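Colleague: I am attaching a structure below and will ask some questions about it afterwards.
The values are calculated or read from the model by the stated rules, or taken from the named source; none is laboratory data. Since this is a predicted model, take the numbers as computed values, not measurements. Backbone-built Cβ (ideal geometry, glycine too); neighbour counts: all protein chains shown. Accessible surface areas use protein heavy atoms only, side chains included; no ligands, DNA or RNA. Shrake-Rupley method; radii C 1.70, N 1.55, O 1.52, S 1.80 Å.
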Amino acid sequence: MNLFESITSALDCALKRDPSACVFGEDVGFGGVFRCTVGLQEKYGADRVFNTPLSEQGIAGFAIGLAVAGATPIAEMQFADYIFPAFDQIVNEAAKFRYRSGNLFDCGKLTIRAPCGAVGHGALYHSQSPEAYFAHTPGLKVVIPRGPFNAKGLLTACINDPNPCIFFEPKILYRSAIEEVPVGDYSLPLSQAEVLVEGSDITLVGWGTQVHVLREVVKLAQEKLKVNCELIDLRTILPWDEETIAKSVAKTGRLLIAHEAPLTGGFGAEIAASIQVSLITRAYY
Amino acid sequence: MLKVSSLLNIATKLKNVCSIVNMAGYRQYSQNREAVVFPGIQSHYTEEMVFSDIQNEEKMDTFRIMNLKGKVINKTMEPDLSNETLVKMYKHCIIHKHMDKIMHELQRQGRISFYMTSRGEEVLQTGSAAGFHPEDLLFGQYREAGVIFWRGFSVYDMISQCYSNNSDLLKGRNMPVHYGSKEHHFVPMSSCLGTQIPHAVGVAYANKIKNKNLCSGVYFGEGASSEGDAHAAFNFAAVLKCPVIFICRNNGYAISTPTKDQYSGDGLAARAKSYGISTIRVDGNDILAMYAATKQARELAVKKNKPYFIEALAYRLGDHSTSDDSTVYKNAEEQEYWLVQGDPIPRFRKYLQDKGLWDDKTEESFNKEAKKEVLTAFKKADKQLKPNPNFMFTDVYKEMPERLQNQHQDWRKHILENADKYPLANHDQF
């Protein structure tokens with residue numbers, strides 16, 4: 001499967017195992033502009049897989065309501081660039097629902113999917129990587145997969161997780177690579193980074209598309225500089241796995257973070273600052 | 001995909017249909033009119049160039065059952081409420097009024113940080129609340145104490161929330177009057193305006209696909225109706241056919257902003273109707289009308305799986321909140337008119353008196369009783385400790401993530417090392 005097919009497969013499994021699961025968003029009914037929901041409406045009916053009016057804040061607010069009522073909403077934002085009308089619903093409502101209601105109510109069954117990142121022809125409004133905005137919001141989980149196998153496992157984990165999750169899908173990867181992906185149900189742990197290449201001289205951290213860029217860096221650094229890199233895919237941006245990175249940096253003594261988003265206030269800054277603090281104050285050696 | 005040939009076919013069929021259209025009595029057509037063929041549009045062609053304007057159309061009526069003197073105008077419309085229920089409704093309004101008065105004073109004394117009274121909107125809240133099924137999940141904005149009170153959330157529960165004491169179900173995390181309770185099927189309020197409206201639509205959709213035979217209900221002000229969330233919610237509810245009742249409390253003001261600076265057109269009712277929602281405008285000071293309209297809307301919403309909209313008119317007799325002084329922006333004559341003519345509680349009382357269910361003596365004794373109930377609850381709430389400070393860190397996620405655990409431990413360590421600098425004795429545990 002390639003990545004968009006693995007997303008469809010994850011949605012298919014969710015709709016099959018959970019009769020209250022619903023998949024909806026703009027143009028979702030006919031299969032979605034990235035074809036991630038192809039065939040699902042035919043299979044599960046128009047009550048469970050459907051188009052919504054064109055309003056991101058409406059989609060998010062409506063989805064929160066479904067989750068509050070105990071259903072499992074899986075909402076699609078057509079592009080991460082257009083998630084901002086839903087920012088208030090996500091940040092002030094979804095993220096704070098459990099907290100503000102003293103754990104009496106929650107919308108933990110909510111999952112929001114959104115294609116993110118640059119593909120080369122999307123210009124400024126079809127290319128953004130907005131994960132850092134959401135990373136500043138306690139109560140949310142933010143996840144970005146690097147490939148088809150991870151995409152299905154992590155999306156399934158988001159759907160099953162009892163907290164609201166935002167799942168950003170790097171859209172350049174939708175059709176770029178094929179991996180072996182189980183047809184059946186499986187999930188991968190959230191908030192767990194994965195060490196992809198072990199090394200001793202420097203730790204490289206990335207997520208989504210940047211993992212592939214960093215794989216090339218690992219090779220180049222070895223060939224041209226004789227530098228032995230350790231490569232880590234962060235996978236979950238919030239709450240993030242500080243321990244795996246800190247342990248790696250304790251070993252290599254150097255850290256390089258690559259993300260596609262703007263530099264200032266990017267999530268890389270959070271990692272850089274936190275790892276320095278944690279190596280000084282917490283015992284990871 | 002509809003082919004061009006079939007479109008032409010439909011067009012030919014519709015072309016010669018004779019339609020006499022009476023648009024609010026303004027224009028009559030007697031000739032054959034050609035139908036417009038366009039997806040999602042039902043219309044006829046005209047050769048008159050007319051810009052449609054709500055000013056030229058008949059304004060929506062306002063439904064009432066009793067007049068200002070508490071007399072039922074059309075007996076067939078009088079709801080079938082038992083004497084016991086009617087008296088209970090009245091008592092709720094009276095207790096609510098006393099609670100507001102006392103809580104307002106407590107805020108002035110500095111015992112609570114903030115308060116919002118419902119003065120003028122008590123019967124709107126009680127009447128509509130009584131029209132719902134007790135398990136219909138309701139969402140409020142902030143001026144809905146009477147709704148949750150009707151469902152059994154006690155005066156003590158409310159005062160505890162305002163005090164943020166350790167009896168506050170919400171663990172001291174919200175400003176006063178943001179009530180909520182799972183047991184009473186009432187979702188705790190957010191301070192963000194209008195955000196709750198699409199939530200109620202989502203709940204309604206879930207109820208529909210689970211065949212629960214429940215509807216959801218959502219209250220909001222005419223000011224919040226200007227938020228994008230409101231428009232999205234109305235549209236989603238109509239398009240996705242959700243059994244939800246929208247109750248817009250049009251009380252004339254959004255803090256200081258009068259309705260003329262809030263909307264143009266024929267109020268919120270006309271707007272809701274244009275989304276394709278069955279809509280009624282109701283005299284929100286008439287408790288019988290509020291009850292009857294909500295009950296009917298509720299039954300139809302569940303039966304037909306579609307949304308209903310009630311624009312309830314009830315002038316805000318009080319200030320927006322304790323942080324507000326409405327004499328600065330309200331016209332004194334207008335306020336005086338509503339105090340004399342528009343106070344909904346005396347109007348309800350007249351109705352009960354005519355039925356022989358209430359008199360001056362019961363009024364006097366119950367006022368005393370109501371005041372006592374509120375003061376007793378206040379005294380009890382006032383003695384409670386503040387919530388456990390660790391609640392600052394819990395319920396952010398279902399389980400506390402590792403980094404938050406670390407932050408929590410660092411914070412605890414700091415507090416314990418500096419315990420003399422913090423009012424820990426006022427709090428429950430640590």
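Colleague: To the nearest hundred square angstrom, how large is the accessible surface buried between A and B, total for both chains, probe 1.4 angstrom?
Modeller: Numbers: alone 12630 and 22950 Å², together 31730 Å².
Buried: approximately 3800 Å² between B and A.
Colleague: At 0.36 nm per residue, minus the direct Cα-Cα distance, what do B:V50 and B:Q353 gain on full extension? Give it in nm, one decimal, please. Mind dumping the intermediate values first?
Modeller: Values: separation 303, 0.36 × 303 = 109.08 nm, distance 5.32 nm.
Additional length available on full extension: 103.8 nm.
Colleague: Then there is this: Tell me the Kirkwood radius of segment A:3-173: reciprocal of the mean inverse pair distance over distinct alpha-carbon atoms, in Å.
Modeller: 15.6
Colleague: Among the residues of segment A:1-41, which ones have their accessible area go down by 10 Å² or more when all the protein chains sit together, as opposed to their chain alone (1.4 Å probe)?
Modeller: A:S20, A:C22
Colleague: So for segment A:3-173, taking the charge dipole from beta-carbon charges (+1 Lys/Arg, -1 Asp/Glu), which of A:H121, A:L15, A:I90 sits furthest toward the positive end?
Modeller: A:L15
Colleague: Relative contact order of chain B: what whole-number percent is it, with Cα pairs under 8 angstrom and at least 6 residues apart? Mind showing how you got there, number by number?
Modeller: Numbers: 725 pairs, mean separation 81.3, N = 430.
Once normalised by length, the contact order is 19 percent.
Colleague: List, in the order given, every pair from B:K59/B:K303; B:K97/B:K380; B:K273/B:K295; B:K295/B:K330; B:K295/B:K379; B:K75/B:K212 whose Cα-Cα distance in the structure shown is over 26 Å. Present the calculation step by step, with values, prior to reporting the outcome.
Modeller: Numbers: B:K59/B:K303 28 Å; B:K97/B:K380 20 Å; B:K273/B:K295 19 Å; B:K295/B:K330 34 Å; B:K295/B:K379 37 Å; B:K75/B:K212 34 Å.
Correct reply: B:K59/B:K303; B:K295/B:K330; B:K295/B:K379; B:K75/B:K212.
Colleague: For the protein assembly as shown, with all protein chains present and a 1.4 Å probe, just round the carbon and sulfur fraction of the accessible area to a whole percent. Mind showing how you got there, number by number?
Modeller: Working: 16970 of 31730 Å².
Using a 1.4 Å probe with all protein chains present, the protein assembly as shown comes out at 53 percent carbon and sulfur.
Colleague: While we're looking at this one, here's another question. What are the lysines whose alpha-carbon lies under 28 Å from the alpha-carbon of B:K413, with same-chain residues fewer than 8 places away excluded?
Modeller: Excluding near neighbours in sequence, the set is A:K96, A:K141, A:K247, B:K171, B:K386, B:K398, B:K421.
Colleague: Say we join alpha carbon atoms closer than 10 Å with springs in a Gaussian network model of chain B; which of B:F309, B:F393, B:F51 then has the biggest fluctuation?
Modeller: B:F51
Colleague: Would you mind telling me which residue in B:G140, B:G265, B:G172 has the biggest mean-square fluctuation in a Gaussian network model of chain B, where springs connect alpha carbons within a distance under 10 angstrom?
Modeller: Checking each option, the largest mean-square fluctuation is seen for B:G265.
Colleague: Kirkwood hydrodynamic radius (Cα pairs, Å) of segment B:151-270? Numbers along the way, then the final one.
Modeller: Values: mean 1/r = 0.0632 Å⁻¹.
One over the average 1/r among Cα pairs gives 15.8 Å for segment B:151-270.
Colleague: How large is the Kirkwood hydrodynamic radius of segment A:174-226, counting all unique pairs of alpha carbons, in Å? List each step's numbers first, then the result.
Modeller: On the way: mean 1/r = 0.0731 Å⁻¹.
Over segment A:174-226, the inverse of the mean reciprocal pair distance is 13.7 Å.
Colleague: Between A:D12, A:D233, A:D47, find the one with the highest GNM mean-square fluctuation for chain A; connect C-alpha pairs within less than 10 Å.
Modeller: Looking only at A:D12, A:D233, A:D47, the biggest GNM fluctuation is shown by A:D47.
Colleague: Pairs of Cα atoms under 8 Å, at least six residues apart: use those to get the relative contact order of chain A, whole percent. Each step should come with its number before you reach the end.
Modeller: On the way: 609 pairs, mean separation 47.9, N = 285.
It rounds to 17 percent for chain A.
Colleague: Compute from the Cα atoms of chain A the Rg and the Dmax, the latter being the longest Cα-Cα distance, and quote both in angstrom.
Modeller: 18.8, 58
Colleague: Here's something else I'd like to know. With a point put 7 Å past each Cα toward its Cβ, work out how far A:D18 is from A:E198 in nm, to one decimal.
Modeller: Rounded to a tenth, the inter-label distance reads 3.6 nm.
Colleague: To the nearest Å, what is the center-to-center distance of segment A:114-173 and segment B:126-200, using C-alpha atoms only?
Modeller: If we compute the Cα centre of each part, the gap is 34 Å.
Colleague: Heavy atoms only, probe 1.4 angstrom, no DNA, RNA or ligands counted: give me B:I73, A:I271 ranked by accessible area, highest first. Display every interim value, and only then the final one.
Modeller: Working: B:I73 95, A:I271 0 Å².
In descending accessible area the options line up as B:I73, A:I271.
Colleague: For segment B:75-383, what class follows from the C-alpha gyration tensor (a ≥ b ≥ c being the square roots of its eigenvalues): rounded when a/c is under 1.5, otherwise prolate if a/b is larger than b/c, else oblate?
Modeller: Working: a/c = 1.34, a/b = 1.27, b/c = 1.06.
Here segment B:75-383 falls in the rounded category.
Colleague: While we're here: Go ahead and estimate [θ] at 222 nm for the protein assembly as shown from helices alone: -39,500 (n - 2.57) per DSSP H run with n ≥ 4, summed, over the residue count, rounded to 500. Don't skip to the answer; put the middle values down first.
Modeller: Working: 22 runs with 269 residues, N = 715.
After summing the helix terms and dividing by the residues of the protein assembly as shown, the value is -11500 deg cm²/dmol.
Colleague: Compute the helix-to-body angle for A:209-220: its Cα long axis versus the longest principal axis of chain A, expressed 0 to 90° and rounded to tens.
Modeller: 20
Colleague: What angle, in degrees between 0 and 90 and rounded to the nearest 10, separates the Cα long axis of helix A:56-68 from the longest principal axis of the Cα atoms of chain A?
Modeller: Here the helix axis deviates by roughly 80 degrees.
Colleague: Another question, then. When all C-alpha to C-alpha distances in the protein assembly as shown are sorted into bins of 20 Å, what percent of pairs does each bin hold, rounded to whole numbers?
Modeller: The percentages, shortest bin first, are 16, 42, 31, 10, 1.
Colleague: To continue, here is another question. Can you compute the modelled spin-label distance between A:F87 and A:E223, with each label point 7 Å from Cα toward Cβ, in nm?
Modeller: So the label points at A:F87 and A:E223 sit 4.2 nm apart.
Colleague: Still on this structure, please answer the following. For segment A:194-281, what is the accessible area per residue in Å² when the probe is 1.4 Å?
Modeller: Working: 4130 Å² over 88 residues.
Roughly 47 Å² per residue, with all protein chains present.
Colleague: Within 10 Å of each candidate Cβ there may be at most 12 other Cβ atoms; applying that plus a DSSP loop requirement, which GluC sites (Glu not before Pro) in segment B:351-430 survive? Walk me through the numbers on the way to the answer.
Modeller: On the way: sites: B:E363, B:E364, B:E369, B:E373, B:E399, B:E402, B:E417; in loops: B:E399.
Taking segment B:351-430 and a limit of 12 other Cβ atoms within 10 Å, the loop GluC sites (Glu not before Pro) found are B:E399.
Colleague: Using a loss threshold of 30 Å², tell me which positions in segment B:371-419 are less accessible in the complex than in their chain alone. Probe radius 1.4 Å, ligands and nucleic acids ignored.
Modeller: Correct list: B:D395, B:V396, B:Y397, B:K398, B:E402, B:R403, B:N406.
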